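No value in this document is a laboratory result; all are computed from the given coordinates. The structure displayed is predicted, hence computed values, not measured ones. Glycine gets a Cβ as well: all are built from the backbone with ideal geometry, and neighbour counts include every protein chain shown.
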Amino acid sequence: MITLPPPTRLEKAIQASTWAFLRVLHRFERFGLRQVFNNVLREPIAALVQMVMNWRRYNEHFALAEESALPGEEASNDSIIETFATYMRRAYRPGEYERGGNTKTHGIVRAEFIVRDDVPERMRRGVFAVPGRTYRAWVRFSGPGPDMPADIDDVGFVSCAIKLLGVPGPKLLPDEEHTQDFISVCTPTFVTPDIHANALLQVHVLRGTPIFYFFTTGFSHFLDFLMQGLWNETQTSPLEARYWSCTPYLLGEGQAMMYSVRPKSRKHSWIPGLPFWTSPIYLRQTMANTLARQDVELDFMVQVQTDPHRMPIEDAGVRWPERLSPFVLVATLRILRQEFDTPERFAFGRYLSYTPWHCIAEHRPLGNQNRARRRMYWELRKLRQTMNGTPHIEPTEEGFDQGVLEVRAPAPSRAAAPVS
C-alpha cells in the first residue's frame with residue numbers, strides 16, 4: 001500500500017476549513033445561484049479545462065476500442081484494495097460493514113429497462129439488440145463514501161447502479177448468470193484519470209486529506225478537481241440527477257461506448273428545511289415521496305467512440321466530446337411506483353453486488369480503471385459480506401412484479417475469485 005506521513009496540524013486545519021466551506025456552500029447554492037452558474041458558465045469552463053487537458057496529452061495512435069495496459073496496474077490496485085479494506089476495518093464493527101465506495105444507500109428500487117424501437121443499427125448490440133425488449137431491473141441509488149454523512153454535508157455526489165435481470169448468454173464474472181450491470185455517477189468524468197492516481201487519492205482519503213491530493217500532486221489532478229466541482233452540487237433527488245458511466249465499455253466487438261442516464265423531466269424538488277434544518281436522509285425521503293405517487297422515467301443514452309485520441313479508453317479524466325459523437329437514446333429506464341423505504345428492502349441491498357463485470361462479452365468494461373474494478377470490487381465485496389455474514393445472492397425475476405425479493409445463490413464451483 002502507498003504510504004504517506006501522518007497529516008500535520010496545518011494540513012488538518014486546511015482540510016477542515018475546506019469541508020466547512022463546502023458545507024456552507026451546499027446549504028445556500030440552491031437559492032438560485034447554482035442554476036445560473038450551470039446555465040451560463042459550467043460548459044464554457046468545462047470546455048476550457050478539457051482543452052488544457054488535451055494540450056497536455058500526446059496522441060498514442062490507438063485504434064478504436066483499443067486498450068493498453070499501464071505499467072504497475074496490479075500494484076496500484078493492490079494499494080487501493082488494502083486502503084479501502086483498512087478504512088472499512090477502522091470504521092465498522094462486524095455485522096455493520098458498509099461498501100467502501102458509493103457507500104450510503106438512498107434506495108433500491110424496482111424498474112423496467114425498455115429498449116427503444118428506433119435504436120440505430122450500429123448500436124443494436126448486446127442488450128440493445130432487440131427493439132422493444134423489456135428487462136426487469138433493480139436500481140440502487142447511493143451517495144459517495146467511504147463515510148455516510150448527512151445528505152447536505154456530502155460532496156454533492158450521487159450514483160446510479162442498474163442491474164438488469166433475465167439477460168441471456170455467458171457472463172464475464174460467473175458469480176451471476178442472468179444479470180447485466182450498468183454503473184454510473186453524477187459527473188461526466190471520473191475523479192481520477194487512471195488507476196495510479198486513484199491509488200494515491202485513496203491513501204489521501206484514508207489519511208483524512210483528500211483535498212491535498214488535488215492541490216499538491218500535480219496540475220493535472222487540479223484539473224480533475226475542477227471537473228468534479230463543476231458537477232458536484234447540492235442534489236435534490238436521486239431521480240432528478242443525470243449520470244454518466246465515466247469509463248468506456250464495448251458496444252459489440254470493435255466498438256466502444258460511454259453511456260448516460262438522464263431524467264426525462266427537468267423538474268428539481270425543493271429541499272425541505274434549507275439551509276439549516278434539512279433531514280440527514282432527505283434524498284431518500286424525496287425519492288420515496290415521488291415514487292409513492294407515480295412512475296418516473298429516465299433516458300438511457302449511448303455515445304459511440306469515433307476518435308481514439310479525443311475519446312480515450314485509458315484516461316477517464318477526459319470527457320468524450322459530444323460534438324464528435326452525440327449521445328443517442330437507446331432505452332427507457334422506468335422506475336416503478338412503489339414503496340421501497342422499508343427495512344426489508346434495505347436488508348436486501350446488503351446482499352446485492354453491483355460491478356461492471358457482471359456483463360455479457362458485448363459490453364465488456366474497457367480501460368485500466370475498469371480492469372482494476374474486476375478484482376477490487378470482488379475483494380471488497382467479499383470482505384464486507386464476510387464480516388456481515390451476508391453471502392452474495394443473485395436476484396431473479398420470480399416474484400418481481402409483486403416486489404418479492406426472490407434470490408438465487410450462485411453455484412459454489414463457479415464463484416472462484418476472478419483474475420485481472
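To two decimal places, what compactness ratio does the chain give when its Cα radius of gyration is scaled by 2.2 N^0.38 Å?
0.94
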Short to long, in 10 Å steps from zero, the percent of alpha-carbon pairs of region 340-398 per bin is 20, 42, 31, 7
PRE zone check, label point 7 Å out along Cα-to-Cβ of residue 277, amide N under 20 Å, scope region 139-157, hits 150-153
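Using the crude model of +1 on Lys and Arg Cβ and -1 on Asp and Glu Cβ, and no other charge, please compute the dipole size for region 9-393 relative to its Cα centre, in debye to 20.
On the way: 47 positive and 41 negative charges, 167 e Å.
Once rounded to the nearest 20, the dipole reads 800 debye.
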Out of 290, 386, 142 - ranked by how far each Cα lies towards the positive end of the dipole of the chain, with unit charges on the beta-carbon of charged residues - the top one is 290
The summed charge of the residue 154 Cβ neighbourhood (under 15 Å; Lys/Arg +1, Asp/Glu -1) stands at 0
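Considering only DSSP states other than H, G, I, E and B, which chymotrypsin sites (Phe, Trp or Tyr not before Pro) in region 47-92 qualify as loop sites with at most 12 other Cβ atoms within 10 Å?
Working: sites: 55, 58, 62, 84, 87, 92; in loops: 58, 62, 92.
Of the chymotrypsin sites (Phe, Trp or Tyr not before Pro), the ones in loops of region 47-92 whose Cβ has at most 12 other Cβ atoms within 10 Å are 58.
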On the formula 1/(1 + (r/R0)^6), with r taken between the Cβ atoms of residue 36 and residue 307 and R0 of 30 Å, the FRET efficiency rounded to 0.05 is 0.35
Of the candidates 222, 311, 210, the farthest towards the positive dipole end of region 9-393 (Lys/Arg Cβ +1, Asp/Glu Cβ -1, centred on the Cα centre) is 210
Highest GNM mean-square fluctuation among 187, 234, 217, for the chain with Cα springs under 10 Å, belongs to 217
hull vol. (C-alpha, convex hull) per residue for region 1-95, Å³ -> 255
Whole-Hz Karplus couplings 3J(HN,Hα) for region 193-208, θ = phi - 60° and coefficients 6.51, -1.76, 1.60, Gly and Pro as x, run x, 8, 5, 5, 5, 4, 4, 5, 4, 5, 5, 5, 5, 4, 6, x
Checking 278, 209, 286 against a Gaussian network model of the chain (alpha-carbon springs below 10 Å), the top fluctuating residue turns out to be 278
Given unit charges at Cβ for Lys, Arg (+) and Asp, Glu (-), the dipole magnitude of region 69-143 about its Cα centre in debye, nearest 20, is 380
Between the residues 237, 10, 162, the Cα farthest towards the positive end of the dipole of the chain, that dipole coming from +1 and -1 charges on the beta-carbon of Lys, Arg, Asp and Glu, is from 10
Placing each pseudo-label 7 Å from Cα in the direction of the beta carbon, residue 124 and residue 43 end up separated by a distance in nanometres of 3.2
P(r) over all Cα-Cα pairs of region 171-283, 5 Å bins from 0 to the longest distance, whole percent per bin, short to long, reads 2, 9, 14, 15, 16, 17, 15, 9, 2, 1, 0
Quick calc, region 25-173, dipole around Cα centre from Cβ unit charges on Lys, Arg (+) and Asp, Glu (-), nearest 20 debye, gives 520
Chymotrypsin sites (Phe, Trp or Tyr not before Pro) in region 243-319 lying in a DSSP loop, each with at most 11 other Cβ atoms within 10 Å of its Cβ, come to 270, 276, 277
Correct response: the longest run of the chain lacking exposed trypsin sites (Lys or Arg not before Pro), defined by DSSP loop and at most 10 other Cβ within 10 Å, is 1-265
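For region 33-76, what is the convex hull volume of its Cα atoms per residue in Å³? Could the numbers behind the result be given before it?
Numbers: hull volume 6.9 nm³, N = 44.
Cα convex hull per residue, to the nearest whole number: 156 Å³.
Would you mind classifying region 245-371 by shape? Square roots of the alpha carbon gyration tensor eigenvalues, ordered a ≥ b ≥ c; an a/c under 1.5 is rounded, otherwise it is prolate if a/b is larger than b/c and oblate if not. Please list the in-between numbers first.
Numbers: a/c = 2.14, a/b = 1.77, b/c = 1.21.
Here region 245-371 falls in the prolate category.
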